[in-house]
Every structure is written in C-alpha cells, then in structure tokens.
Amino acid sequence: MNVRVYNPRIVLFDMMLVLLRVLRAAGYGFLAGLLLGPSPARAADWSAAETQLASRIAAATGPGAVALEVVNRSSLERMEFEQISRGLRAQLAAAGLQFVGADQAAATVRITISEDLKNYVWVAEVRQGSNDASVVMASTPRTGVLSRGNGPSSVLIHKAPLWTQVQRILDVAVIDGNPTHLAVLDGDRVALYRLQGTRWQPEQFLAIAHTRPWPRDLRGRLVLRKDHLFDAYLPGVFCRSTGNAPLALNCSESDDPWQLGSEPASLGAFFTPMRNYFTGALTPGVGKQTAVPAFYSAAALPREKYTLWLFATVDGQFHLLDGVTDQIEKPAWGSDLAGVRNPCGAGWNVLATGAGSGAGDTVQAFDFPDREPVAVSEPVEFSGPITALWTETNGNTAVAVSRNAQGDYEAFRLSFNCGQ
C-alpha cells in the first residue's frame, strides 16, 4: 500500500445606535436621520397583516377560549416581534377570542413568524379537539433594511493535513485521548492509528463485511460515540465498533438512516444504497418537515430557538428548512456542505465547496444572517476536487477529503481561526 503520512498539526456601530435612540427620545428624529441615514431597525406598520391573520384564525376557531402561542423564526429583533405579538393578541381579542391555558381551551393556536427572501410569512396552526390541524397564513413584504445586530466576525479557515493514501478515503475521525488515535474509513476497512511522537503509527485494521458490491461513487461516514468508540455508515451497511481494545467491528446490512450534523443539531437521513445521495426522507424531521428533494449533503445552523438546515439537492438547488418554511437558494456552490461552530462569536457557519470545474477546489465559510448567504472567510484551496466533507462529531471542526493530481486521497481537518 502506497501510504504517505502527514505530521498532524494537532464597536463604533453600537455607539451610533445608542446615539440614534437618544436623539429620537429627545425628538430630534430629523437630525438623527441626517446623521445616520435610515434606521436599520425602523418601526414598521404590521396592522394589515395582523388584521388579516387574526380574521382568518377567528374564522377557523369561532369566538371562544383558545390557547395561543407565538413563535419567532425570522430575523426580526425581539422588540419588533413583541410588537407583532401584542398586535395579534389585540386583533384576536377584538374578534371574540379569549386567551386561556391549554387545559381550558376549546382550540389551540400556534403562530409562527417566519420569512423568505421577499416577505414575512406568518403561519397559524389551529387545532380543535381531535380534528386535524388547519393552517392559515398571511404575508407582508420585507421593506427597508433589517438590523442584523453584530455581524459575523471574519474568520480564517485552517487546513491541517491528517492522512493520505491511494485507496479512496471516505471519512476520518480524530479520537482524543492518551494517546490520540486516528480512524480512517475506506471501502474495505477502518484503519486505526495512534499518535506516537509526531507520527501516526498503525495499531489495528478492522475489515468491513458486505455482500453486495459497492456503488461506483462510494460514500461513507464515521460518527464517534460515548458508549462505544464509533459507528460507520456505508451504502446499505451499518458497522458498530466495540468499546474496548482490541476493537472488533460488527457490520450488517441495514437501511437505517445515517446521522447528519452533530449535537446540538443532529438529523437522520436515508441513503440510496446503489447511488451516491440521500433519498430526501428525514427522521425525525426538521420541525414538522420530514422530507426534502433528494440531496447530496446537509448542514445545520443551530439558532436560539430552532435549527436552520441547508440541503444541497441533486437538482443543483439549496433548500433552507426551519421547521415551517422551505426556502430555495441558488448560490454558486458545489454539492458538499458542512455546519461548523464558529469560535469567533458568530454561532455556526456553513462550509461550502466551490462550483468551479477546474482541477482544484475550494472551501469557504458562510453565514446566513437574513437567510441569504454572506461570506465570512476567504476560500481555502485544494489541489484537487473535494470528494467528502463531513462535520466532525464535536461540531467544532470538519473533515475534507480531496484527490490530488497524483491520484492519491488526502484528508484534512478544517477549523476556524478568528481574523484580526
């Protein structure tokens, strides 16, 4: 086996907003406008949408006692969301609805404030007794410039080489411990190496048993576990390791879903055994959304009250799911995505491959402050095409595999360094 081993390398804007608020409080709105331009979080008139949605809810429930919940899954700031909530309650009360606890209610109403690129979309789910839920909606245009709060810090992507070999690398996992270990997954085995000094030394090779031939474009995934060392997912095959050395690997035919993402956002998706993509069926789903078009990869962006999921679908589009809405984007990306926690105070970012058709490839970090991708790093370059991009189990890093000009497969760990 031709193997080469790498040594591992293991607040001016806020002041302006304060000044704006002070000037407004003093009645100098015109002067504030001259100094600062349009307010990024200007007051909006939501009354038309509030009246429209409230009338539709009242038509579905009739007058009476309801349990009401209003949820924000948009980019609106807390004060504007609270303004909308108060307006909706006032309109519903005027329509004859009385707000009580769930145990006293004749109906339950859950309103979700969401958005797409052009509109705010307000969705109300109405349940009465054992009847199926009914859904009513209202929308209002997104006008003006919304506040994004503190924008994401610029980051640098650090690319640390881990391993290279002739056989196709499907995934690798760094196992912290004393000593540190490296697991390398290919189509024949999981190879375990231990860190000795500055080099990876072979320790154990675990064969992958399978009866059916692999698809031509083989893919696989390693996920570290707490009660045993790892799970390995391959098309139509699931392998589970034991927990203690020397390890054993138990493999069986399986159509169980593969784990996507990492804590606090993980999701199951079913892989097509003889192809190289996921069917689109999700478990348990993103909120109540349990399916998307067939996709190659997915990335999670955990937010305070929900998780935004991105799917790179086989038709070249990108679907954004928040549990209520399915928004379609068409950025100039490749088909591999991974969600990684950003240590620079910006939550989570998406790592996306480039859409170029040249000999090399790139990976770049993006944020989604208003459901539209914003680059937060410069692209990091690879000498060949990316063949795999997976979020590592800890969520802080990702593994990228590329094939270089010599035909060898190289695995790298990608992490964020905060920019200056």
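The values are calculated or read from the model by the stated rules, or taken from the named source; none is laboratory data. This is a predicted model, so every value here is computed, not measured. In this analysis, Cβ positions are derived from the backbone assuming ideal geometry, glycine residues included, and neighbour counts consider all displayed protein chains.
A few comments on the model shown:
- Residue in region 348-355 that is surrounded by 18 or more Cβ atoms within 10 Å (Cβ to Cβ) and closer than 30 Å to GLU125 by Cβ present: yes
- Among residues of region 350-379 that are aliphatic (A, V, I, L, M) and at pLDDT below 95, those with a beta-carbon under 6 Å from a residue that is in a loop (DSSP other than H, G, I, E, B) and loosely packed, with under 14 Cβ neighbours inside 10 Å at least six positions away or on a different chain give the pairs ALA355/ALA332.
- If you go through region 301-319 and keep only what is in a strand (DSSP E or B) and at pLDDT 95 or above, you end up with TRP309, LEU310, PHE311, ALA312, THR313, PHE318, HIS319.
- Residues located in region 150-172, provided they are modelled with pLDDT under 80 and surrounded by 14 or more Cβ atoms within 10 Å (Cβ to Cβ): PRO152, SER153, SER154
- Answer from SER266, SER252, SER262 - the residue that is among the polar types (S, T, N, Q), closer than 29 Å to ASP176 by Cα and at pLDDT 95 or above: SER252
- As a summary of the residue check, ALA48 satisfies the conditions (1) assigned to a helix (DSSP H, G or I); (2) over 21 Å from ARG142 (Cβ atoms) except for the one numbered (2).
- Test: residue in region 275-297 that is charged (D, E, K, R) and under 11 Å from the mean Cα position of the chain (by Cα): no
- Qualifying residue in region 221-239 (condition: under 30 Å from ALA332 (Cβ atoms), modelled with pLDDT of 95 or more, small (Gly, Ala, Ser) and surrounded by 16 or more Cβ atoms within 10 Å (Cβ to Cβ)): no
- Meets criteria (assigned by TED's automatic domain parsing to the domain that holds LEU321, of a type in the set (D, E, K, R) and within 26 Å of PHE318 (Cβ to Cβ)) for ARG240: no
To keep it simple, each residue is scored yes or no on (1) buried (at least 17 other Cβ atoms within 10 Å of the Cβ); (2) assigned to a strand (DSSP E or B); (3) more than 29 Å from the chain's Cα centre (by Cα).
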residue: ALA54; (1), (2), (3): yes, no, yes
residue: ILE57; (1), (2), (3): yes, no, yes
residue: ALA67; (1), (2), (3): yes, yes, yes
residue: VAL70; (1), (2), (3): yes, yes, no
residue: GLU80; (1), (2), (3): yes, no, no
residue: SER85; (1), (2), (3): yes, no, no
residue: LEU92; (1), (2), (3): yes, no, yes
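- Within region 386-414, restricting attention to residues that are of a type in the set (Val, Ile, Thr) and under 17 Å from the mean Cα position of the chain (by Cα), the residue that is surrounded by the fewest Cβ atoms within 10 Å (Cβ to Cβ) is THR397.
- Count of residues meeting criterion [farther than 17 Å from THR279 by Cα, out of contact with any Cys (no Cβ under 6 Å at 6 or more places or on another chain) and aliphatic (A, V, I, L, M)] in region 199-236: 6
- Each residue in region 376-385 was checked for being within 22 Å of the chain's Cα centre (by Cα) and either under 15 Å from LEU182 (Cα atoms) or crowded, with 18+ Cβ neighbours inside 10 Å (or both), and 3 of them qualify.
- When region 289-299 is limited to residues that are touching a Leu at 6+ places or on another chain (Cβ under 7 Å) and assigned to a strand (DSSP E or B), the one that is surrounded by the fewest Cβ atoms within 10 Å (Cβ to Cβ) turns out to be THR290.
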